[in-house]
Structures are given as structure tokens and as C-alpha cells.
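To start, the structure itself, in C-alpha cells.
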Amino acid sequence: MKKLKLVVVGDVLLDADFTGAASRLCPDAPVPVVDVASVSRRAGGAGLVTSMLTRDGHDVELVTVLSDDEASGLLRKALEDISVVAGPSGAPTPIKSRIRVDSQSVVRFDEGCGTPQIPDVTQEMLSALGHADAVVVADYGRRLSENAELRDALTQLATRIPVVWDPHPSGAEPVPGVTATTPNLAEALNFSGVIGHGFEGAVEAGVTLLDRWSSRAVVVTRGGDGAVILTQNGLPQAVPAPKTDVCDPCGAGDRFASALAVALAQGLVLEEAVETAVAEAAAFLAIGGVAAMMRPPEPEQLPGTAVDALRVANSVRGNGGTLVATGGCFDLLHAGHARTLAAARTLGDALIVCLNSDASVRRLKGDQRPIMGEQDRVELLLALECVDAVMVFDEDTPESALDTLRPHIWVKGGDYTADSLPETVLLKTWGGKTVTVPYYAARSTSRLADAIERVG
């Protein structure tokens, strides 16, 4: 398969985090004193989008403008592993500094963020666009997106390849014909002038912007509530988000826009691409958001779900929690399954289901099974509040999956005994244990399948 070429166009900022502890108040004012323990600097704005895509292993190029001041030197260092095509900005490098106590921001102060002149673009910048399979426009209000030559080039590109435009309250309107614009709800309400909230507000604002911007789609993001898709000819479509504990939402919009562009470039239809982007944004926040960008890359995502099992496992262990896992085919999910899973979840801080793949089920139960495909089984399991993640495995038994996840507790229904399970020995090698929960003999997939067959 051809490796995709992604181009990010937009404004680059220097983000700085000053992190420490606050245990006392300043003697001359009732404000906390933060003892700074660490300082980290990274590329923000379009630079963050590019860093995300590069970290994911994509072939990415950043088209932007840069200054020649001291802060620009720090910014260029932060971008040294990224392919950058830059013209002169003609303005100071914008710096956004956050003072943080543990994971909580206390205050942010901005420097060099006055309104600049519209920067010029170079021929090299315009030429870089011609190599793209998809483009993300990350507008951060620094006026690059107002350049007429650049807008003409992006308008032409939008007729041939996916162009995702992430707008900014102080930025330019998207060029006509882009594949999708991705305002969050507050931005959509502000841009449209609509007074509203929730799903209804997102729909009304999105419809207004769809007409005003002449985009092929407007996707209004709603944080933990997912996203709403508005298209020229379709009904509004709500895309829910996976449940996620969020300490710092910074960067979620960038993650969403970048993941959407990748999914569209890979050929997914808009609805599927948005579902993927919502899940990727949730996964990004689940592992710590922007703070995770400073850590080594996560291992390759395992099959099963977008918010993959390994990330959940790492998060629980990293927070000192108890990880619980259970497994099975879960073909035709029924009340007995739901009760067993709910009981398992009470034993720890997260529950991962190790799910037999379709091929595995066929080997174990015959060619007539599974009745439901693995993707449907995954989605039904994730719809249960007690299930935090699902990991699909192809082997006949879950030992390999367990060795990867290393849960503290492995749960089976009470029709088994712990000593009879081969997993028990494996769990003991890392200090885990196997437990059983009540088994509901009157409820089974076979009984349910027989009942369905009788009623035709």
C-alpha cells in the first residue's frame, strides 16, 4: 500500500509548560507560589498537529511561516525532526506559557500574540501542497490562512483531495469546497451567531456555517459528547465519544482534525472517518493528552477498539489502579453476560474483555458460529458501562493477550474452577490471580440461538 503524504498548513506557536508544586501563598498577595520543578517547550498550533501525525509514523510536511527571534530558535529546535517548508513571518514568535500544579493549569500568559500583518508565501510553500494526499489547515489566528495565493491553492486542492480545515475564532473563513470544517461547539456558536447549546445548538450552528462556508461538511465537535456531522444533503448525524477520564483537554481538537484527515485520505467515507477521529481524540486524552507527547511513543495499537486495550491497561497501572480482564466469545450478548461483566468490573478500576475473533470462534464452535461478527460483538460490549476496552485475539485461548495486558485479576464465570484454568498458572507469573463470579445457567447463547430459530 502506498504511504500517504500529509501536509499541515497553518500557524506555529511555542508552547511552554512550567510545572511544579504549590504548598504556600505568596506573602505579599493571596496567590499560590509554584515551585517550578520542570519546564517543557514544544511546537504548538500547526506544529502540534504535525508532531502528532509524525509520531504516528505518517509522511508529513509542515507549511508555515517562522520568525527569526530568540523564541523562534526554540521553536525550530522543537521542530528539528519534522520536515518544514517555511517562509518569513514578519512578526514575533507567539509564546503561550502555562503554569501548572501537578496536572492542573493555574494560569496562562501569552507573549507576541498581537495581530500580525498577513504574511507572504513562497513558491516553495505552494509547491509543497502539490505533493499532498490530504491537507490539514490548522488556523491559529496568525493570518497565514488569509494569504490570497495560499487560499487559491487550497481552493484548487479541495476539488481533488481531502482538505480538513480547523478554524480559529480570530482566523479566516475556510475556503469553499473543503471536505470538512471542524469547529468545536463554542466556536460554531460564535461563528454562526446562534444562541444555543447541546446537540440542538450544534445542529443549528452547523447548518448556518454549512451554507456560509460552502463546505462539503461541517463537523461540530462537542468534547465528551462526541461530534455532530452536517452535510449538504443529509440529516444531522450524532457520533458519540467513548467514555474517557480527562485531566487536560488541550490538543483534543488538533488530534481530531489530524485523525479525520488521515481517515479521509485512507478512503473512509465521512461518517466512518468522523467515528475514527472521535475515537482517536478520546484515546489521545485517555493517555494524558499533550503531556503524553513528551513521553516515548506508545506501542503499536492492538486490534479490538479505537481506544485500545493496551492504552487502558497502561493508564490503570500508571495510576496505581487494579486492572481486571475477562474473556470469551460473547456471541449474542445476553443478560447472563451482562451480569458477569458487571460483577467483574466491581473488582477493580477498569475491565478489559479479551474477545475471541471470528476465526477463533469458528475453530472452537463450528462453521455456524459466530452468529454475530467480531466488530458487532466489540461494539455491543463497549456499549456496556462496565466495559472499558475490548481486545480481539485470534488464538484458541487468551494466554497471549493476557501476557500482553498483564491484568491483576482474571475473571471467569462460576461454571469454571480457578484451578482448572490454564490461565491461572500464567497469571501467577506476574502476581495476578484468577477469580470466578456467579454463572447464570438458565441464560446462554445456545438457548438464545435455539429460541430465535424456533420463531424463524
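The values are calculated or read from the model by the stated rules, or taken from the named source; none is laboratory data. This is a predicted model, so every value here is computed, not measured. Here Cβ is always computed from backbone atoms with ideal geometry, including for glycine, and neighbour counts include all displayed protein chains. Calculation scope for accessible area: heavy atoms of the full protein, side chains included, ligands and nucleic acids excluded. Shrake-Rupley method; radii C 1.70, N 1.55, O 1.52, S 1.80 Å.
Annotations
- The length gained by stretching the chain between D59 and H197 to full extension, at 0.36 nm per residue less their Cα-Cα distance, is 45.8 nm.
- Whole-number percent relative contact order across the chain, with pairs defined as alpha carbons under 8 Å at least 6 apart: 10
- Base-10 log of normalised Debye intensity for the stretch 15-141 (one unit scatterer per alpha-carbon) at q = 0.11 Å⁻¹: -0.48
- Taking the stretch 1-160 and dividing mean pair separation by its residue count, relative contact order in percent (alpha carbons under 8 Å, at least six apart): 30
- Dipole magnitude of the stretch 40-199, debye to nearest 20 (Cβ charges: Lys/Arg +1, Asp/Glu -1, about Cα centre): 460
- Couplings for the stretch 91-104, taken from phi via the Karplus curve 6.51 cos²θ - 1.76 cosθ + 1.60 with θ = phi - 60°, read 8, x, 5, x, 10, 10, 10, 10, 9, 10, 10, 6, 9, 9 Hz in order; Gly and Pro are left as x.
- Nearest 10 degrees, 0 to 90: helix 198-213 Cα axis against the chain principal axis: 40
- Per the Debye formula on identical point scatterers at the alpha carbon atoms of the stretch 161-287, with no solvent, log10 I(q)/I(0) at q = 0.11 Å⁻¹ is -0.32.
- Lys pairs under 22 Å by Cα in the chain, provided they are eight or more residues apart or on distinct chains: 4
- Mean ellipticity per residue at 222 nm, deg cm²/dmol - from DSSP H runs of n ≥ 4 across the chain, formula -39500 (n - 2.57): -10000 deg cm²/dmol
- Compactness of the stretch 300-379 - radius of gyration and Dmax, Cα, Å: 13.8, 43
- Rounded if a/c under 1.5, otherwise prolate or oblate - the stretch 221-275, Cα gyration tensor axes: oblate
- Within the stretch 332-411, the GluC sites (Glu not before Pro) that combine a DSSP coil assignment with at most 12 other C-beta atoms in a 10 angstrom radius are E385.
- Assigned charges on the beta-carbon of Lys, Arg, Asp, Glu; the chain dipole about Cα centre (debye): 880
- Ranking V84, P119, Q237 by Cα position along the charge dipole of the chain, where only Lys, Arg, Asp and Glu carry charges on their C-beta atoms, puts Q237 farthest toward the positive end.
- Cα-based shape type of the stretch 91-237, given that a ≥ b ≥ c are square roots of the gyration tensor eigenvalues and the cut on a/c is 1.5: oblate
- In Å, descending, principal axis extents of the Cα set of the chain: 73, 61, 44
- Computed on the stretch 139-221, with alpha-carbon pairs under 8 angstrom and 6+ residues apart, the relative contact order is 28 percent.
- Per residue, in Å², the accessible surface of the chain once ligands and nucleic acids are set aside, probe 1.4 Å: 47
- Projected over every direction and averaged, the convex hull enclosing the alpha-carbon atoms of the stretch 1-72 yields 7.5 nm².
- Whole-percent carbon and sulfur share, accessible surface of the chain, 1.4 Å: 51
- Listed residue (T404, I371, V387) projecting farthest to the positive dipole end of the stretch 348-406, Cβ model: I371
- Note that the stretch 141-223, at 10 °C in a medium of 1.306 mPa s, gets a Stokes-Einstein diffusion coefficient of 124 µm²/s from its Kirkwood radius over C-alpha pairs.
- Over all other residues within a Cβ to Cβ distance under 11 Å of D110, the charged ones net out to +1, with Lys and Arg as +1 and Asp and Glu as -1.
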